[in-house]
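First up is the structure itself, then whatever we jot down about it.
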Amino acid sequence: MLKIRSLRSYYESLCILKSVSMHIEKGEIVTLIGANGSGKSTLLNSIVGLMPRVTGSILFEDKEIQKLSSNVIVKLGIALVPEGRELFSPMSVIDNLILGTYPYYRIKNRQTLNERIEWIFDLFPVLGKRKKQLAGTLSGGEQQMLSISRALMSNPKLLLLDEPSVGLAPKIVENIFQTLVELNEKTNLTVFLVEQNVNLALDICQRGYVIETGQIILSGESDELINNKEVLRAYLGKE
Amino acid sequence: MPIWNEKYETLSRKELTQVQLERLQQTLSRVYRRVSYYHNLFNKIDFDPFEISDLGDLRKIPYTTKETLRLAYPYDMFAVPLREVVRMHSTSGTTGQPLVVGYTKNDIDHWTELSARVLSAAGVTKDDIIQICFPYGLFTGGLGFHYGAEKIGASVIPSSEADMEDQIIIMKDYRTTALTCAPSYAAGLCDIMVEKGVTPAELSLRIGLFGAEPWSETLRKEIEDHLSISVTDNYGLTEVIGPGVSFECENKNGLHISEDHFIPEIISPETGNPLGPGEQGELVLTTITKEAYPLIRYRTGDLTQLFYEECSCGRTFVRMKRVFERLDDMIILNGQNMFPSQFEKILTNIIGKTPNFQLVVDRKENLDKLEIQVEVSGDIFDDEMKKLTELELHIIKEVKAHLNLVPDVRLVEPRTIKKDMKKSRVIDLRNKS
């Protein structure tokens, strides 16, 4: 579904990603592990067209997307749940969800929109209860659910998540991850998960990549990564 | 035959290239950070491992040779600290100092998977009883196949280096269905069966998986006919991982290289220049998943060809021609190059079946001398001396006619020449004398 070949990504003259190659197959949950500043968010931003300069290639369903603008990329079927949620705080839950359909604004009919919102409320019932509440007044966990829901409103084939567990209580994180697994199993949604909670990420993913100073240094099935002493030491705090 | 790992063994070339590129970039990054030899080499040639953008860039890196590995003895080529190594094997040291090869837990898991592919392609299933007659020591053959067979769920008989007569008793009594060993060892088992009057009908054997030394198609046919089994070839070398690098499928038309773990190239052994598909040359392998002992562009010393045409078995991995020659086995006699396979062909034609033989090279009065030691049937020694002399003269005459060389010939009784795994057919005494 997604193939990245020798991607280099720059902030002005500073090269952040150095020859990154990776792939995600349809229906997979793939995780990206790395320390702060290793280039995880830059990779996600590069995929969705938010980086000013990239070289190499990003193919989504065999179509080159590295030069496309973000709204076109969303239309093709990729949605990002950004780090820190990035909600529109003064707007209601419903309005935030409708903004997730922005790329389809002109073609979306009301009925489809309502059906989609109802589907989201089935997925996260708490959002249904708070549909008119301002996003900024939601709890951290609810905000994260809303951020994921907003991304799902565009009906993506590939969902990118940037550290969705940050600052959340373990119980909430567990619920959110459980929902992601259900979505993957029931709707065949492909998930690319950047996560600092490595244990949790390796628990739900099929494969993973390890990034260090802008380079992918390791990849494998989740079992292989758990067996790797370097991963154990550096990211799981075990020897 | 079932394909053990359909996902990887049937990847399209495009998908495979993606997997190889990802794994190659990770491997180069790792060796640059972890192996001082590669770190210094990349710096010396001004090669940035993070600049590699396609598989062709691999050619910018010089070859790794056996000599490099010998200089790094024992641990200098390891890419992980020793505490992460869970197993060590070693080369036989036939052609020089032995090499120590380390494996992490993931390396062992990968090797098990690769070995399962070999066994599965030969037709081994969980219903089989497999007798492993490879040594279970520093040599990789025994444990390599053992883990793969267990993964498949077959019943494993680790008979290892038991006496040949005992091997046949085990084979018969335990109802062995699959046998894995060196081909010359299998030929020896056939001889003993004849000697002891054991017929194939008394055995349950149906599959043979042979490797660890170069062997001919004639020998395959002889063993298949003698034991009434299907025999496949497989290839591997300790430095790279052990058995499991490549294997024949049911078509027996070249060995599929597990390209999701190894990137193969063919080069001219003389110039080192890359050769194209179908051209015969030396096999060069780059490991792309090994953690403890990764090798970049390792010259194997084995002569073969690569074929990229589709195989009807469904596997998409490139096939290599069966290795029939090893550069290590090449003998240079008074300036003339020759291989043991040339002698094997001549001897097979004369004797009527592939004999066990050995070539002993020595130097006398500044001239290279060759002695061919050939095992012949015990009956011939009971006959008159004249017959033995005639056979010796016949061999000398044929060798002279084909190779322009007059050797000494010594006929010996069966089982005089030890069938030792991975030992070369050539004993070169020139450097020792």
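We did not get these values from a lab; they are worked out from the coordinates using the rules stated. These figures come from a predicted structure and were not determined experimentally. Backbone-built Cβ (ideal geometry, glycine too); neighbour counts: all protein chains shown.
Please figure out what share of the DSSP beta bridges in the range A:103-239 is antiparallel and state it in percent, rounded to the nearest 5. Write out the running numbers ahead of the final one.
Details: 6 of 11 bridges.
Around 55 percent of the beta bridges assigned by DSSP in the range A:103-239 are antiparallel ones.
Measuring between alpha carbons in the structure, the pairs from B:K60/B:K290; A:K40/B:K290; B:K14/B:K66; A:K75/B:K60; B:K126/B:K221 lying more than 30 angstrom apart are B:K14/B:K66; A:K75/B:K60.
Nearest-5 percent of antiparallel DSSP beta bridges in the protein assembly as shown?
60 percent
Label point of B:R59 set 7 angstrom out along Cα-Cβ; within the range B:246-288, amide nitrogens under 19 Å from it belong to B:263-287. Look at the alpha carbon pairs under 8 Å that are at least 6 residues apart: their mean separation over the length of chain A gives a relative contact order of 27 percent.
Rounded to 0.05, the FRET efficiency of the A:S57 and B:E384 pair, given R0 = 60 Å and the Cβ-Cβ distance, is 0.15. Name the residue, out of B:F47, B:F139, B:F317, whose mean-square fluctuation peaks in a Gaussian network model built on chain B with Cα pairs under 10 Å. Taking springs between Cα atoms under 10 Å, the residue moving most is B:F47. Counted by Cβ distance under 13 Å from A:A35, the other residues give a net charge of -2, where Lys and Arg count +1 and Asp and Glu count -1. Measuring between their Cα centroids, the range B:285-305 and the range B:197-212 lie 33 Å from each other. For B:A292, what is the net charge nearby, where nearby means another residue's Cβ is under 13 Å from its Cβ and Lys, Arg count +1, Asp, Glu -1? So the environment of B:A292 carries a net charge of 0.
Largest GNM mean-square fluctuation among B:N234, B:N337, B:N366, using chain B with Cα springs under 10 Å: B:N366. For B:K364, the lysines whose Cα falls under 23 Å of its own Cα, not counting residues fewer than eight places away in the same chain, are B:K397, B:K400, B:K432. Given R₀ = 30 Å, what would the calculated FRET efficiency be for A:S69 paired with A:L123, taking r from the Cβ atoms and rounding to 0.05? Efficiency, rounded to the nearest 0.05: 0.55.
For the range B:113-180 versus the range B:1-46, the spacing of their alpha-carbon centroids is 30 Å. If R0 equals 22 Å, the separation of the Cβ atoms of B:S204 and B:D166 corresponds to a calculated FRET efficiency of about 0.80. Spacing of the modelled spin labels on B:D225 and A:K26, each 7 Å from Cα toward Cβ, amounts to 5.2 nm. At what distance in angstrom do the alpha carbon centres of the range A:7-84 and the range B:245-270 lie from each other? The range A:7-84 and the range B:245-270 have Cα centres separated by 35 Å. Placing a label point 7 Å from the Cα of B:K126 along the Cα-to-Cβ direction, the residues of the range B:137-163 whose backbone N falls under 15 Å from that point are B:149-156. Bridges between two residues of chain B, per DSSP, are antiparallel at a rate of about 65%.
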